[in-house]
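Trainee: A single structure is presented below for examination.
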Amino acid sequence: MKRLVPFFFFFFSLSCLFAQLSPLATKPNWLSLNHYQNSLSREQFENLVKTHYSRDKTFFRYCRFQDQKSVTFYQDLNHSKPLWTFHFSPKSQPLHTSRKSSLKDLVIALDPGHLGGEWARLEERYFRIGNDPPIKEWDLNVLTCRIIEFLLKKEGAKVVWVKKNSDPVTSLRPKNLWDEAFNSLVEERVIKPTAHPRDSLPIRKKIEECANRLFYRVAEISARAERVNRDLKPDLTLCIHYNADEWGDPLNPTLVKKNRLVLFTHGAYMADELRYEDHKFHLMQKLLEGSRNIEEDIAIAIAKQYQRTWPWPPEPYPNAHNIIRNSKNPYVFDRNLLANRLYHGPVVFCEGPYMNANDTYPRLIAGDYSGTRFIRGKYYRSIFREYAENVVAGLKNYYNN
């Protein structure tokens, strides 16, 4: 019986490899994009791909053009497995979807990042210093979102929540994902197809860690995406996070002197990602839905508020090939994240200051409060209110102008 299990894992691994789908992804319905036919010219299509989605032009290697008429996308570089054909418009079309002139009646989805409660430690979004209150990123994110909700409703916006409590949206748990974890590790050549979790503790630990990551990084975000796309259907989704530098042992963490800020828009697909059919599909979904310009302009508007209010510089990302700086604002970067890939419509990732920075940590553990409070020799307003006000002020500047 022991030998049947590795065979099953091996068979499962090969079936997923042939499908060429990323972990837990479902096969895309390319025909669902047909209502976008003739919506872009070839020039517009090529410019968007080169500028935002595949700057190294890898995506074009999966394309075959028929002059100015159409482009066919293929699963493989040999162009033997066609996926879908897009027909170009003979003329360039407006790329900007219509937008409202104020926040009134705008549907904005708030997506506080990560998980809370018992899941915070598993997700490694938790640390504690001495007897101070523990830092759990979910708690910081949801508190900031509540203030954003209050401010947006004052402006007449309709606020919906992707997730409002600490429980996962997905019904899956890490124990349900061991097969998929095994398959991923085989594909990445971390373990051999004939390995078995009972063979050694290190193999079991690798599979367990991978199953945990699939749970909170893939299954959870995919479940949230289903809620956004099927039920909420917002005009804009705001993903609210706090950033951090490496803190080491969560029970004996390291505080750092530096602090950085960043906002993410969708793009910057890497060559190894584009071998997956679902990544190709979502690249086209995001490109054709026309949300790119809105996403970029909103991120830039919020970034300008960051610059006015907070003293911290942008992230440098000097050697990151999967994170591309926006040419219009140094705080905004393109990045192919699962949420901004799967969520329909404009999605802006807002990252707050570092949770483990010397100058923000004491303000975070102080919690939310009105007015100012004397903290380590200076008077400060609530950092949560500053964050929320920056986001909403950026939105007001964008929509009112």
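The values are calculated or read from the model by the stated rules, or taken from the named source; none is laboratory data. Bear in mind that the values here come from a model prediction, so they are computed numbers and not experimental data. No Cβ is skipped: glycine too gets one built from the backbone with ideal geometry, and neighbour counts run over all protein chains shown. Side chains are part of the model used for accessible areas, which takes the heavy atoms of the whole protein and leaves out ligands, DNA and RNA. Shrake-Rupley method; radii C 1.70, N 1.55, O 1.52, S 1.80 Å.
Trainee: Can you work out which of the residues in region 284-330 that are touching a residue at least 12 places away in the same chain (Cβ under 8 Å) and of a type in the set (S, T, Y) is farthest from L48 (Cα to Cα)?
Mentor: T309
Trainee: Now for a different question. In region 235-280, which residues are open to solvent by 10 Å² or more (accessible area, probe 1.4 Å), in a loop (DSSP other than H, G, I, E, B), in contact (Cβ under 8 Å) with a residue 24 or more places away in the chain and over 19 Å from E123 (Cα atoms)?
Mentor: Within region 235-280, D235, L255, K257, K258, R260, M270, A271, E273, R275, Y276 qualify.
Trainee: Open to solvent by less than 80 Å² (accessible area, probe 1.4 Å), basic (K, R) and either touching a Lys or Arg at 6+ places or on another chain (Cβ under 7 Å) or under 30 Å from G394 (Cα atoms) (or both): which single residue out of K154, K163 fits that description?
Mentor: K163
Trainee: I've got another one for you. Does region 256-283 hold any residues that are in contact with a strand residue (DSSP E or B) (Cβ under 8 Å, 6 or more places away or on another chain), among the aliphatic types (A, V, I, L, M) and within 15 Å of L337 (Cα to Cα), and which are they?
Mentor: Within region 256-283, V262, L263, A268 meet the criteria.
Trainee: Do we find a residue being in contact with a helix residue (DSSP H, G or I) (Cβ under 9 Å, 6 or more places away or on another chain), among the polar types (S, T, N, Q), open to solvent by less than 40 Å² (accessible area, probe 1.4 Å) and in contact (Cβ under 8 Å) with a residue 12 or more places away in the chain anywhere in region 189-204?
Mentor: The answer is no; no qualifying residue exists.
Trainee: So, in region 24-49, exactly how many residues are open to solvent by 50 Å² or more (accessible area, probe 1.4 Å) and within 30 Å of P174 (Cβ to Cβ)?
Mentor: So the count comes out to 4.
Trainee: Still on this structure, please answer the following. Kindly indicate whether any position in region 108-123 is open to solvent by less than 80 Å² (accessible area, probe 1.4 Å) and more than 22 Å from the chain's Cα centre (by Cα). Steps first, please.
Mentor: Taking region 108-123 as the starting set, the residues that turn out to be open to solvent by less than 80 Å² (accessible area, probe 1.4 Å) are 108-117, 119-120, 122-123.
Of the ones still in play, those that are also more than 22 Å from the chain's Cα centre (by Cα) are none.
Within region 108-123, not a single residue is open to solvent by less than 80 Å² (accessible area, probe 1.4 Å) and more than 22 Å from the chain's Cα centre (by Cα).
Trainee: Okay, next question. What tally of residues in region 337-378 results from selecting those that are among the acidic types (D, E) and either in contact with a helix residue (DSSP H, G or I) (Cβ under 8 Å, 6 or more places away or on another chain) or open to solvent by 50 Å² or more (accessible area, probe 1.4 Å) (or both)? Break it down into steps so the answer makes sense when it comes.
Mentor: Of all residues in region 337-378, those among the acidic types (D, E) come to 351, 359, 368.
Next, only the ones that are either in contact with a helix residue (DSSP H, G or I) (Cβ under 8 Å, 6 or more places away or on another chain) or open to solvent by 50 Å² or more (accessible area, probe 1.4 Å) (or both) stay: 359, 368.
Final tally of qualifying residues: 2.
Trainee: Assess whether K396 counts as being basic (K, R), part of a helix (DSSP H, G or I), within 30 Å of L287 (Cβ to Cβ) and open to solvent by 10 Å² or more (accessible area, probe 1.4 Å).
Mentor: Criteria met by K396.
Trainee: Is it the case that some residue within region 366-374 is touching a residue at least 12 places away in the same chain (Cβ under 8 Å) and either within 24 Å of V332 (Cα to Cα) or in contact with a Pro (Cβ under 7 Å, 6 or more places away or on another chain) (or both)?
Mentor: No, there is no match, as no residue in region 366-374 is touching a residue at least 12 places away in the same chain (Cβ under 8 Å) and either within 24 Å of V332 (Cα to Cα) or in contact with a Pro (Cβ under 7 Å, 6 or more places away or on another chain) (or both).
Trainee: Out of everything in region 75-105 that is at pLDDT 95 or above and hydroxyl-bearing (S, T, Y), what residue ends up being most open to solvent (accessible area, probe 1.4 Å)?
Mentor: S80
Trainee: Please count how many residues of region 309-336 are buried (at least 21 other Cβ atoms within 10 Å of the Cβ) and among the aliphatic types (A, V, I, L, M).
Mentor: 1
Trainee: A further question follows. Among the residues of region 206-218, is any open to solvent by 30 Å² or more (accessible area, probe 1.4 Å), in a loop (DSSP other than H, G, I, E, B) and at negative phi?
Mentor: no
Trainee: For region 366-374, state whether one or more residues are closer than 22 Å to E296 by Cβ and in contact with a strand residue (DSSP E or B) (Cβ under 6 Å, 6 or more places away or on another chain).
Mentor: Quick first cut of region 366-374, residues closer than 22 Å to E296 by Cβ only: none.
Checked region 366-374: no residue is closer than 22 Å to E296 by Cβ and in contact with a strand residue (DSSP E or B) (Cβ under 6 Å, 6 or more places away or on another chain).
Trainee: I need a count of the residues in region 50-74 that are under 21 Å from S291 (Cα atoms), open to solvent by less than 20 Å² (accessible area, probe 1.4 Å) and not hydrophobic (A, V, I, L, M, F, W, C).
Mentor: Result for region 50-74: 2.
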